[in-house]
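J.: Would you mind keeping the following structure in view while I ask a few things?
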Amino acid sequence: MTQPVAARPVRPAPDSLTSFFWDGAREHRLLIQRCDDCGRFQHPPEPVCHHCLSFSLGAGEVSGRGTIYSFEVAAQAFHPWFADKIPFVIAVVELVEQPNLKLITNIVGVDPDSADIQVGAGVAVTWHQLDEEFTLPVFRLTAREM
């Protein structure tokens, strides 16, 4: 008897604060919320700038380069759909554009047990196409020149 395939977890629902991020990802562009007044980036998107309290916020494209700030190798599936996908690397990536500008993401294209995955390792964005409408920014290891 074959096991039924688990349904995919619910994906994020773009809204007025986040649609620019998902639209950019679909175009393979990493867009991060940016304050029109002070110029600082912030992620995740919020209705007010954390730095200057402005409500004048837009989106700015970033390079997609950064470093691993922290990481974890997922060894237990938190949803049945992930059961055949473990182990995988969940990471907090700090982008080069601004100190403390961080995203939660996955590190792909490397063995999760590799010694190359370490805090401070250089990474660059790449794209994981879930379906025709939905693309996720994920990261891969790069050379140390960052």
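J.: Local charge sum around Thr105 (other residues, Cβ-Cβ under 14 Å, Lys/Arg +1, Asp/Glu -1)?
T.: For residues surrounding Thr105, the net value is +1.
J.: Also, I was wondering about something else. Could you please put Asp131, Asp36, Asp84 in sequence from largest to smallest accessible area, using a 1.4 Å probe?
T.: Asp84, Asp36, Asp131
J.: For segment 1-94, what does the relative contact order come out to in percent, with C-alpha contacts under 8 Å and a separation of six or more?
T.: About 23 percent, as a whole number.
J.: Where the convex hull is taken over the Cα atoms of the chain, what is its projected area averaged over directions, in nm²?
T.: 10.1
J.: Given springs between every Cα pair under 10 Å in a Gaussian network model of the chain, which of Gln76, Gln98, Gln42 has the largest fluctuation?
T.: In this elastic network of the chain, the residue with the biggest mean-square fluctuation among Gln76, Gln98, Gln42 is Gln76.
J.: Say a site is exposed when it is one of the GluC sites (Glu not before Pro), sits in a DSSP loop, and has at most 12 other Cβ atoms within 10 Å; what is then the longest site-free stretch of the chain?
T.: That would be 28-131.
J.: Can you give the net charge of the other residues whose Cβ lies under 15 Å from the Cβ of Ile32, counting K and R as +1 and D and E as -1? Show your work: numbers first, answer last.
T.: Details: positive: Arg29, Arg34, Arg40, Arg65, Lys102; negative: Asp23, Glu27, Asp36, Glu46, Glu61, Glu94, Glu97.
With Lys, Arg at +1 and Asp, Glu at -1, the net is -2.
J.: Now for a different question. Taking the chain as a Gaussian network, where each spring joins two C-alpha atoms under 10 Å apart, which residue of Arg26, Arg11, Arg40 fluctuates the most?
T.: Looking only at Arg26, Arg11, Arg40, the biggest GNM fluctuation is shown by Arg11.
J.: I need the calculated FRET efficiency for the pair Ala77 and Leu53, taking r as the beta carbon distance and R₀ as 30 Å, to the nearest 0.05.
T.: E between Ala77 and Leu53, to the nearest 0.05, is 0.15.
J.: Okay, moving on. Please identify every one of the trypsin sites (Lys or Arg not before Pro) in segment 89-146 that sits in a loop by DSSP and has no more than 16 other beta carbons within 10 Å of its own beta carbon.
T.: Passing both the DSSP loop test and the Cβ count: Arg144.
J.: Under the 0.36 nm per residue contour assumption, what length would be gained going from the current alpha-carbon distance of Ala143 and Ala7 to full extension?
T.: On the way: separation 136, 0.36 × 136 = 48.96 nm, distance 3.69 nm.
Net length gain for the segment: 45.3 nm.
J.: Quick one: 3J(HN,Hα) in Hz for segment 9-17, Karplus 6.51/-1.76/1.60 with θ = phi - 60°, rounded, Gly and Pro as x.
T.: Using θ = phi - 60°, the values come out as x, 4, 8, x, 9, x, 9, 5, 7 Hz.
J.: Can you give the Rg to Rh ratio for segment 89-146, taking only C-alpha atoms and Rh from Kirkwood?
T.: With Rg and the Kirkwood Rh in hand, the quotient comes to 0.98.
The values are calculated or read from the model by the stated rules, or taken from the named source; none is laboratory data. Owing to the predicted nature of the structure, the values given are computational and were not obtained by experimental measurement. Neighbour counts are summed over all protein chains in view; Cβ atoms, including those assigned to glycine, are modelled from backbone coordinates with ideal geometry. Note: areas computed on protein heavy atoms with side chains; ligands, DNA, RNA excluded. Shrake-Rupley method; radii C 1.70, N 1.55, O 1.52, S 1.80 Å.
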